[in-house]
1. Only one of these conditions is not met by residue A:104: (1) surrounded by fewer than 17 Cβ atoms within 10 Å (Cβ to Cβ); (2) within 12 Å of chain B (Cβ to nearest Cβ). Which number is it?
2. Could you go through segment B:222-230 and let me know if any residue there is more than 11 Å from chain A (Cβ to nearest Cβ) and among the polar types (S, T, N, Q).
3. Of everything in segment B:212-221 that's of a type in the set (Val, Ile, Thr) and touching a strand residue (DSSP E or B) at 6+ places or on another chain (Cβ under 8 Å), which residue is nearest to the other protein chains (Cβ to nearest Cβ)?
4. Of the conditions (1) charged (D, E, K, R); (2) closer than 24 Å to residue A:107 by Cβ; (3) surrounded by fewer than 24 Cβ atoms within 10 Å (Cβ to Cβ), residue A:35 clears all except one; give me its number.
5. Quick check on my filter: what residues within segment A:172-196 are more than 15 Å from residue A:79 (Cβ to Cβ) and either among the basic types (Lys, Arg) or within 23 Å of the chain's Cα centre (by Cα) (or both)?
6. Looking at this structure, is residue B:76 within 19 Å of the chain's Cα centre (by Cα) and under 17 Å from residue B:99 (Cα atoms)?
Amino acid sequence: MLLNGFAMGMVYALVAMGIILLIRAIGVLNFAHGELLMLGAYITYSLLVQFELPLYAMIPIALIAFALIAIIFMFSIFWPLRNASYPAAIIIATMGASIVIKELVMLIWGGVPLRMPPLLMNEATGGGLLANIAGVNVSWQLIITALVGLLAIAAVFLLFEKLYAGKIIEAASQDKFAAELLGIPTIITTAATYIISITLACIGGFMVGPIFTVNVTLGTLLLRAFAGVIIGGLGNIKGAIIGSVMVGLIEAFASVRMSTYKDAVIFIILLVFLVVRPQGLFGVKIKDKA
Amino acid sequence: MNKHRFLMVISLVLSMALLFGATSALAEETVKIGLIAAKTGERQAVGIFSQEGAQYAVDEINAAGGILGHQVELVIEDEVDTLQASVNAATKLLERKDLVAVIGSPYSQNTLAIMPQIEEAKIPFITGGSGDAIAAEGNPYVWQPRNLDSVAAGAIAKYAYEVLGIKNPAILYCTLPTTQAGGFDIRKSYQEKYGIEIDDSMMFGYTEDEKNFGPIIAQVMASGADGILSFSNENPHALLSLAIADAGCTLPRVASSTVTSSVVMSNAGKAANGWIAVADWSAFLDTPSASAFQAGYLAKYGHDTERPSASSYDSVYLVKLACEAANSVTDIEAINAGFAAIKDYPGVLGDMTAQPDHGYLSSIFIVEIVDGKAMLIDTVQYR
């Protein structure tokens, strides 16, 4: 249960990080992020199952596809509305985009759930291969999901903390005008943010596909990632990761004796945070000035 | 004289024309049967089977001369995958004045939501659902060709306890009203028939959109349960099967009929093997009507039958029998009364005779999933 909660927390963290990156870069809460995760699952399903590509060939093609989706998403949703006088216009557009993506997926792949085999499969049982850790059987798919999540998180931290490119993206997101005065092409930094953000969500889709099957309801995972973002502190990547892992663990352990109400438990805790500590665990409290 | 002969010829020609026209009009006046099925959305797979089964029956009936000389036509409305969409689809059909009957959704809650509308529309409604609550409503226009959930739950408990020796089961159920009732009916059967009280801690409910069954299975394995009894729908059963395989859980398991669906077989693959199911249909039954239906259906559509195909197939035939009993395709009240007169119809789901609770079946099948196929183990006669 601990590993299940942690692995799911990692998936929520991938989505939550993407949400935070977009909020920080362009100030947009992307309500289509769950559907982008779902799209990632369908694309990797097609490459692995329909085109029967080996994993080493699938990964670079999938990453290119994720980047293309991000660019298309940015130029069709964000770019036309970037100067809109009504600030909620882009947010509403992302809501519309979530519906469009879901319907497109249903048109292309149909509404029937699809089976994506686990990365390490037990041919005898039809389930994932199991690892025995301290006498407990644990699915390798969960272990790999947790490891991929950790790797992706490490890569994002490396980019923003250690690499010059990350500093440029960070600078452009903090002050677009000043960044442009310094010659930083903000269209490229914005595109890079979209690519990183949406790729993270799509990787999450690839990891959960074998566990949850590839289906059009995968987008609902967004709600848990949102809960992680709010518990961790809106706008804080570290907080979003910790908040998401907390949500994953709460979800796993809340099913003890109250499996029926485990979703309710998560959202009750979210409500408590909104009332008692609205800035989240790592957020900064902002007070209105008189 | 010539004038008289001329008038006679004209009269004869006109009479012939009128007679021919009337006959043509009669043949053109098709009998329309409404069908609520998912054509899009997550439940599309189930909906396709419903449509195929009904269309197969319609084609057979039309090839044999139709109903009382009238060709039959299906009017299909898409219930997508939500209760609201299903209610909308049902409303559209019930508001039409040209249908002799409506074949409903395979999901009980979708039928329960429109019970007052059915009674108001006064159109015979053959539900695809198996919920006890449907029968309990006592709606005079609703007919139920499937076995009730309480019957299935009782059979699950009976097989689990008496054959598999499961004394301390973990009961897993989807929290939709009808499947939840099924889960609690299993518990009740254990208590009433075998004197075994099942503790709350052994009852595991989950919502229909639950995806992460890992923690639930981990708890089941740690609970000391000696078997898993499940009452749920297709998609949760697929994910549950995968989670059971992923956890390396080898507990014996018995489930409601949806575990035998193609959604489970295709998504869970080998992980579906080993389920025992209490089902009202299997593609591998050996009764003459079921075998013929399976063979013809496979030849026509290129894949095996499913429970929704069998249910909607029988539903169309029930409409035919009701019309024939009423000797009418227009007197809806007489047709509704005709449903109560159906006796000893050798349906593909089993022999059917109208019962006071508006049900038709008296037996239920026990199947085991072996290599992705639901193989018949036993047939239980319950009334």
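Read-outs: derived from the displayed coordinates by stated rules, not from any lab. On a predicted model such as this, the values are computed, not experimentally measured, just so you know. For neighbour counting, all protein chains shown are included, and Cβ atoms are generated from backbone atoms with ideal geometry for every residue, glycine included.
1. Single failed check for residue A:104: (2).
2. Yes, segment B:222-230 contains at least one residue that is more than 11 Å from chain A (Cβ to nearest Cβ) and among the polar types (S, T, N, Q).
3. Among them, the one singled out is B:216.
4. Condition not satisfied by residue A:35: (3).
5. A:172, A:173, A:174, A:196
6. Numbers: within 19 Å of the chain's Cα centre (by Cα): yes; under 17 Å from residue B:99 (Cα atoms): yes.
Yes.
For (1) without any contact (Cβ under 8 Å) to a residue 12 or more places away in the chain; (2) more than 9 Å from chain B (Cβ to nearest Cβ), each residue gets a yes or a no:
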residue	(1), (2)
A:123	yes, no
A:131	no, yes
A:142	no, no
A:150	no, yes
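Yes/no per residue for (1) touching a residue at least 24 places away in the same chain (Cβ under 8 Å); (2) not in a loop (DSSP other than H, G, I, E, B):
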| residue | (1), (2) |
| --- | --- |
| A:52 | no, no |
| A:62 | yes, yes |
| A:68 | no, yes |
| A:80 | no, yes |
| A:85 | no, no |
| A:93 | no, yes |
